[in-house]
Structure formats: structure tokens, C-alpha cells
Amino acid sequence: MQTLSEYFNYIMGNIYLRFIFILVITLVAAFLVKLIVKQVLKPLAKKTKTKIDDILVNTLSTMIFYVIFALGFKIGFQHFEFKSSIYNSIIDTVLVIIVCVLLTRIIKNFAEYWQRDWAAKTASTADDRLIPLAEKVMKVVIVVLGIIFIFDSWSIDISPLLATAGIAGLAVSFAVKDSLANMLGGLQLVLDKTFKVGDKIKLESGEMGVVQDIGLRSTKLKTYDNEVIYIPNGFMANAKIKNYTVPDLTLRVNVEFGVEYGSDPEEVRKVVLEAIKGIENVLEAPAPVVSFINMSDFSLDFVARAWVENYGDAYSTKLLMIDVIYYSLNKAGIGIPFPTQTIYTKSEDGDKNAR
């Protein structure tokens, strides 16, 4: 009576039985791994806060069986004498295709997740366009790499093709470098959250307005003169930008004014403070202040500072502050000087006269 080890040795000694044995073991392993992924890893992934592991587990559960089976088929096929023939290249090709399909599905699922749960929460359209574009680019890269591996499995020399592709890619990169810079700039603006749609911003070049859209190539800025300016994202990503909505919507309004020399600074502060506190949009906290800042050539210079709840009220509130400051100073008898200059002239006899 033959023992189990003798049966095993007999199977291993026969290349055909060995091939069938490896396939059976591979099928069993593939079913077990698939069962573990569905019954163990999926419930664990659902308990975590992130959705990334759920996407990976769900994608692997649909493809892991084919990956393991293809690997087992390749391992079992290595024992045949004709393993270096066309059949081995076919197996390698099938394995590369399976891996490429797995990777493209993972990318597709991640892109759908980001499109649904991340890009949909932002008012910008840049991420809505960048995510599908990035998905297509990554899929193309995977396909190209897959073709390279398939050619290699068939012992096809692709060095001339790679050299040609490299030269062509270099030429294309120079041709579209500005467009690429703008697209990457748009992605940087979205990720860094420099500003968002609806924010009031001012560029170092002087343009100021409300952001209407962050597109794939440019940012659309609507000025207060009802003009729309399209600014390349590459420029915006490197520009110095003042965002009036950060850290919150409150904004301080400053109005500088001057009074005649001889005026009492305390009386000026009292008169102006009472005047601007009566303006509807001026907040009580932080409280408005009036500061004596300079003694210039012909006036005592002050600045009135007040806070408004929303940056949209800043300009109209500033105009009201100018009005009430002017009328309150006039009513209190505090003079607002004209620019003056005293010129001294010297006559021939040495006398000085002032004009």
C-alpha cells in the first residue's frame, strides 16, 4: 500500500499531474483569499473613517481571484519543456492584462470617490475637470506600461520606439508647458485653499474683485465695475494675494483725516467717535477707535478705524464714515485745513518777508 508521500512524489514526478496539482492548489488559494477579503477585510474596512481602504478592498475582491489563478498557471507552466515558446509569452500577456485591468479599476474607483465626496463639496470647477483628466492620464500611463511589458514578454526590442517617444514627448512638453503650468496652478490653488469661489481678493498687481470660478486654466475674477478678468492659474499660484474673507468675513475700515493746528486732540477723538458709532454697519466689538498719528506740515493727522460684519459692507461704510466725520467736525467748529505753505523771501536790504 502506497503512502501519502509516495503519491505526492509520484504527482510531482509527472509534469502533467504536477501542473494540474498546482492549478488545483492555486484555485483553492484564490477562493480562500477572495473569501478572506469579503468576509474579513471588507467589514474591517467599513469600520474605519477613511473610504480609501473600502475602495481598495472592493476592487481587489473582484480581481484577486484572477490574479492568483494567472500566477498559479504561470508557475505550473514553468515545468514544461516548451515553457520558452509562444505559450509562455501568452501567459505573461494575459497576466499583464489582468494587472492593468486591476490598476485601471482602482484608479476609476478612486476618481469616482473624489469626484463624488470631495470635488462636489467645492464651488470651484477646477477639481471637477482635473480629476477626470488625471484619471485619463494615469490610465494611459498604465496602458503604455502594459504594452511595454507585453512587448518585453514577446522579446520585441522597443528601444527605438522609446527613443522616438522621448523626443516627441520633449517637443510636446515645450509646446504645452504654459498650459501644464496653468493646470498645475489650478490644482495647487484648490489643494492649498488660497481662496474659493465667492471670496473677495486683491492681487499685488492691483486687480480686486470677487472670485467667480477657479477653472482648469484660469481664474475668473469679477470686479466691482462689473468687469470679468480671466487670470492664468500659473500666475495666481505664484502671486501675492490679499484675501478679505480670511480668517473671517469681518473687515476693518480706515479713514484718515486732518484738522487744524491748535485743535484739541481729545475733543477731536470724542467728536469723531460719537459720529461713527452711530453708523448702522459699524460693530460695537471690536470697538471703533480714533488715533492721533502724525503732525504733518499743515495739519494734525488722525485715523478713524471701525469694523464691519461683512467685507461687502466695507466700501459703503467707508463713504458714510467720511461724510459723518466731515459734518461732525464742521458742527463742532473744528477746522479742516487746506494745504498751506509759507514762503520766505529776502530783499536786497536783508529784510525777510513771509508770504
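The values are calculated or read from the model by the stated rules, or taken from the named source; none is laboratory data. This structure is a prediction, so every number in the text was calculated from the model and none was measured. Neighbour counts run over all protein chains shown; Cβ positions are idealised from the backbone, glycine included.
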query: Do you know which residues across region 123-158 are charged (D, E, K, R), closer than 16 Å to Glu112 by Cβ and modelled with pLDDT of 80 or more?
result: Glu135, Lys136, Lys139
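Every residue in region 130-153 that is farther than 14 Å from Ile97 by Cα and in contact (Cβ under 8 Å) with a residue 40 or more places away in the chain, please.
Leu130, Leu133, listed by residue number.
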- prompt: For region 304-331, which residues satisfy the criterion of being surrounded by 18 or more Cβ atoms within 10 Å (Cβ to Cβ) and among the aliphatic types (A, V, I, L, M)?
  reply: Ala304, Ala306, Val308, Ala314, Leu320, Met321, Val324, Ile325, Leu329
message: I'm trying to understand the selection: among the residues of region 195-254, which are over 30 Å from Ala287 (Cβ atoms), in contact (Cβ under 8 Å) with a residue 60 or more places away in the chain and not in a loop (DSSP other than H, G, I, E, B)?
response: Asp213, Ile214, Asn233
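Residue-by-condition table, conditions (1) outside the structural domain of Ser205 (by TED's automatic domain parsing); (2) under 41 Å from the mean Cα position of the chain (by Cα):
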site: Ser218; (1), (2): no, yes
site: Asn226; (1), (2): no, yes
site: Asn233; (1), (2): no, yes
site: Val255; (1), (2): yes, yes
site: Pro265; (1), (2): yes, no
site: Ala285; (1), (2): yes, yes
site: Ile293; (1), (2): yes, no
query: Do we find that Asn238 is surrounded by 13 or more Cβ atoms within 10 Å (Cβ to Cβ), closer than 30 Å to Gly206 by Cβ and at pLDDT below 95 in this structure?
result: no
message: Name the single residue that is modelled with the lowest pLDDT among those in region 1-55 being β-branched (Val, Ile, Thr) and in contact with a helix residue (DSSP H, G or I) (Cβ under 6 Å, 6 or more places away or on another chain).
response: Ile11
query: Which members of region 259-303 meet the condition of being of a type in the set (Gly, Ala, Ser) and buried (at least 20 other Cβ atoms within 10 Å of the Cβ)?
result: Ser263, Ala275, Ser299
query: On the given criteria, is Val259 over 24 Å from Leu187 (Cβ atoms), touching a residue at least 24 places away in the same chain (Cβ under 8 Å), touching a Gly at 6+ places or on another chain (Cβ under 9 Å) and of a type in the set (Val, Ile, Thr)?
result: yes
- prompt: Do we have Ser291 as hydroxyl-bearing (Ser, Thr, Tyr), over 24 Å from Pro247 (Cβ atoms) and out of contact with any His (no Cβ under 7 Å at 6 or more places or on another chain) here?
  reply: no
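Mind checking which residues of region 180-215 are under 11 Å from the mean Cα position of the chain (by Cα) and either surrounded by 14 or more Cβ atoms within 10 Å (Cβ to Cβ) or of a type in the set (Gly, Ala, Ser) (or both)?
Met183, Leu184, Gly185, Gly186, Leu187, Gln188, Leu189, Val190, Thr194, Phe195, Lys196, Ile214
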- line: Log entry, pairs with first residue in region 161-185 being in a helix (DSSP H, G or I), second being modelled with pLDDT under 65 and of a type in the set (Ser, Thr, Tyr), beta carbons closer than 9 Å, six or more apart or on different chains, reads Leu180/Ser173
